[in-house]
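A short write-up of the structure that comes next.
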Amino acid sequence: MMKVKFEHAVKEVELIRERPSNDTLLQLYGLFKQSTIGDNTNNAPENPFDFVAKAKHEAWLSQAGKTMDQAMQEYIDLVEKLKN
């Protein structure tokens, strides 16, 4: 049931009229990765000037320790908030 709601929220996020802030997009990214893969065990990006990769890596790291279900629920809640 949770997975179905999560998959629906993933599709709905693309329908949001107003583009979310970069911080919100990074939060969505981190929650998505935590929901689908779990804790980030990847090394940090090697290129110190690849700011996007570094931000994404850190956004995912910031979700560490959450269960996949917890991350899915937070993702669903955030998408619902953005839709309103």
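Only one entry of ALA64, ALA71 meets the criterion of being small (Gly, Ala, Ser) and in a helix (DSSP H, G or I), and that entry is ALA71.
Taking the listed residues THR67, THR36, the one that is polar (S, T, N, Q) and surrounded by 13 or more Cβ atoms within 10 Å (Cβ to Cβ) is THR36, with no other qualifying. Residues that are in a loop (DSSP other than H, G, I, E, B) and either within 12 Å of the chain's Cα centre (by Cα) or among the aromatic types (Phe, Trp, Tyr) (or both) within the range 15-38 comprise ILE37, GLY38, listed in sequence order. The set of residues in the range 39-55 being part of a helix (DSSP H, G or I), over 14 Å from the mean Cα position of the chain (by Cα) and surrounded by 14 or more Cβ atoms within 10 Å (Cβ to Cβ) consists of LYS54 alone. Scan the range 40-63 residue by residue and report those that are under 27 Å from LYS83 (Cα atoms) and touching a helix residue (DSSP H, G or I) at 6+ places or on another chain (Cβ under 9 Å). Result: ALA55, LYS56, GLU58, ALA59, TRP60, LEU61, SER62, GLN63. Between GLU58, GLU12, which is acidic (Asp, Glu) and within 12 Å of the chain's Cα centre (by Cα)? Going through GLU58, GLU12 in turn, the sole match is GLU58. Any idea how many residues of the range 6-20 are over 11 Å from VAL79 (Cα atoms) and surrounded by 10 or more Cβ atoms within 10 Å (Cβ to Cβ)? Total satisfying the criteria: 1. Determine, yes or no, whether GLN27 is buried (at least 18 other Cβ atoms within 10 Å of the Cβ) and touching a residue at least 60 places away in the same chain (Cβ under 8 Å). No.
Just so you know, all these numbers are worked out from the coordinates, no wet-lab data involved. Just so we're clear, the structure is a prediction, and the values are computed from it rather than from any experiment. Cβ: placed from backbone, ideal geometry, glycine included. Neighbour counts: every protein chain shown.
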